[in-house]
1. Exactly one condition in (1) crowded, with 24+ Cβ neighbours inside 10 Å; (2) farther than 30 Å from L85 by Cβ; (3) not charged (D, E, K, R) is false for A377; which is it?
2. Give the range 488-504 a look and list any residue that's out of contact with any helix residue (DSSP H, G or I) (no Cβ under 8 Å at 6 or more places or on another chain) and of a type in the set (A, V, I, L, M), or say none.
3. Considering only residues that are open to solvent by less than 30 Å² (accessible area, probe 1.4 Å) and over 18 Å from G418 (Cα atoms), look in the range 357-369 and name the one that is nearest to the chain's Cα centre (by Cα).
4. In this structure, does L272 turn out to be farther than 30 Å from D397 by Cα and either modelled with pLDDT of 90 or more or surrounded by fewer than 22 Cβ atoms within 10 Å (Cβ to Cβ) (or both)?
5. Looking at A218 and the list (1) within 20 Å of the chain's Cα centre (by Cα); (2) open to solvent by 60 Å² or more (accessible area, probe 1.4 Å), which single condition is not satisfied?
6. Out of the residues in the range 338-347 that are in contact with a helix residue (DSSP H, G or I) (Cβ under 6 Å, 6 or more places away or on another chain) and modelled with pLDDT of 90 or more, which is surrounded by the fewest Cβ atoms within 10 Å (Cβ to Cβ)?
7. Any residue at all in the range 291-306 that's more than 30 Å from L165 (Cβ to Cβ) and among the hydrophobic types (A, V, I, L, M, F, W, C)?
8. If you check A377, A398, A410, which single one turns out to be at pLDDT 85 or above, under 28 Å from K88 (Cα atoms) and among the aliphatic types (A, V, I, L, M)?
Amino acid sequence: MSDGNGTPTVEIPDEGLQGRALTTVFVALMLGMFLAALDQTIVSTALPTIVGELGGLDHLSWVVTAYLLAATVSTPLYGKLGDMLGRKPVFIAAIVIFLAGSMLSGLSQTMLQLILFRALQGLGAGGLIVGAQAILADIIPPRRRGRYMGLMGAVFAVSSVAGPLLGGFLVDNLSWRWVFYVNMPIGALALVIVTTRLHLHVPHTRHKIDYLGAGLLAGGVGALILMTTWGGNQYAWDSPEIIGLAVGGAAMLVAFIWQERRAAEPIIPLTLFDSGTFRLVTGMSFMIGMAMFGAIIYLPLFLQLVYGASATSSGLRMIPLMGGLLTAAILSGRAITRFGRYKIFPLVGTVVLVLGMFLLSRLDVDSNAWVASLYMAIVGIGLGLVMQVLVLIVQNDARPQDIGVVTSTATFFRSVGGSFGVALFGAIFASRLAGELSRLPADVIAKLGDVGAIDPARAKQLPPEVRADFLQIFANALHGVFLVGAVIAIVPAVLAWFLKEVPLRTTLGKGAPPIEESLPEVPVETEVRAAAR
């Protein structure tokens, strides 16, 4: 058999890759995802040093925002391009773009250069996250995929804790530039493995890329993310800038939907929403992202103010949350592979998430540290039972030729939900805090500065009796944030009941892409033995 250009190919075995061939490729995919997730947090501890050398304090937040914005906007584009052009070349391109952005970020001489190169880095990161999950669907059937999806979910937990710690170590012992240079050897290893060991067939069908749809989607989502980022911070919510971004973003998204209805090969085919499973999963992803990113972002600030933790140690105190996520993701993935059942995990996970959010709303200035750790662990367990399982469900429901776009769309909705969650909870927190602070003397309020960006160092300088009152006010303001997070988490808990449990395929299915004959042969293991290990 040939691919049409004379290159001999063989079909991927119906049971997918196994043994050493699978392990090698999976390590490379994990490395790619780890880099993309790590760079969301590793820069945080280096920001003060970066400002000290490059200046540009007013634009400091853009070092993080540019990366996240570019990664979010590019996510659906990578999914579609992978389906059209082949996942291997698109994944390789994402690695190269990410490494180029990393190197250039390390070489930056001005804050503007750093922001632009961080955006380039983010463009690569979007492809790393989506590409890794989509390639996994090409080489492992859904019945066996759960355990590997669980491990991928654990990557995010590890990177969220390791990022600030590694960033602080590199800044203290080398230079802030090594926060970016450290990506080079890891990314190079992933690139070599993917290039030499992953032998997916590259389709040769001519495709017409929907450039207009891609531009409208990127512009619309970018405008709305900027609206949620700037609203209540750089600009008031009723300012012309925020209103303009809201109207412009909504208009471009309406135009995007119109374009997708007429495009020959749309970026996000609207026919995907004909599937009830797809609609439920994207809705759940959006709401879970909203609850997760929107509420949990305030936990480090709570730990710093109430328990007096430093920025670095507050990251360490988040380990219970990440440990719960990691453990639940791995164990649920293994259970899915072993028993072939998945609906129970989003059902239980969303209920546990609601419970965890409610318990966080009960935290007070007098709460013991172990109580806070326990509540965070409960939230982590809830998230771990849901996040990666949703991706597996939507992949199992999709046709092989749509794997990339359904994977990227589910991830995309979660990221956009997170952006809106940050804006919503930020507005709730600022409003409640401002109302409570009005009880304090005016000079105390002046010392604290902007209520939307409380500085723990300033709070420590308050007189003891005033500081005690402020901490109580701060905790009361956070109660509303976590309560709203619990209410929002009820929505995916309800939606989970309507998920239909479709049997997980034990094969890749008809139409799975072929691989080159150079792939080494490995012994075929049974599914039960694979699950047991």
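1. (1)
2. V494
3. L360
4. no
5. (2)
6. The extreme case among them is L347.
7. no
8. After ruling out the rest, the residue left standing is A410.
The values are calculated or read from the model by the stated rules, or taken from the named source; none is laboratory data. Keep in mind it's a predicted model, so treat the numbers as computed, not measured. Ideal geometry is used to build each Cβ from the backbone, glycine not excepted, and the neighbour counts take in all protein chains shown. Just so you know, the surface numbers come from the protein's heavy atoms only, side chains and all, with ligands and any DNA or RNA stripped out. Shrake-Rupley method; radii C 1.70, N 1.55, O 1.52, S 1.80 Å.
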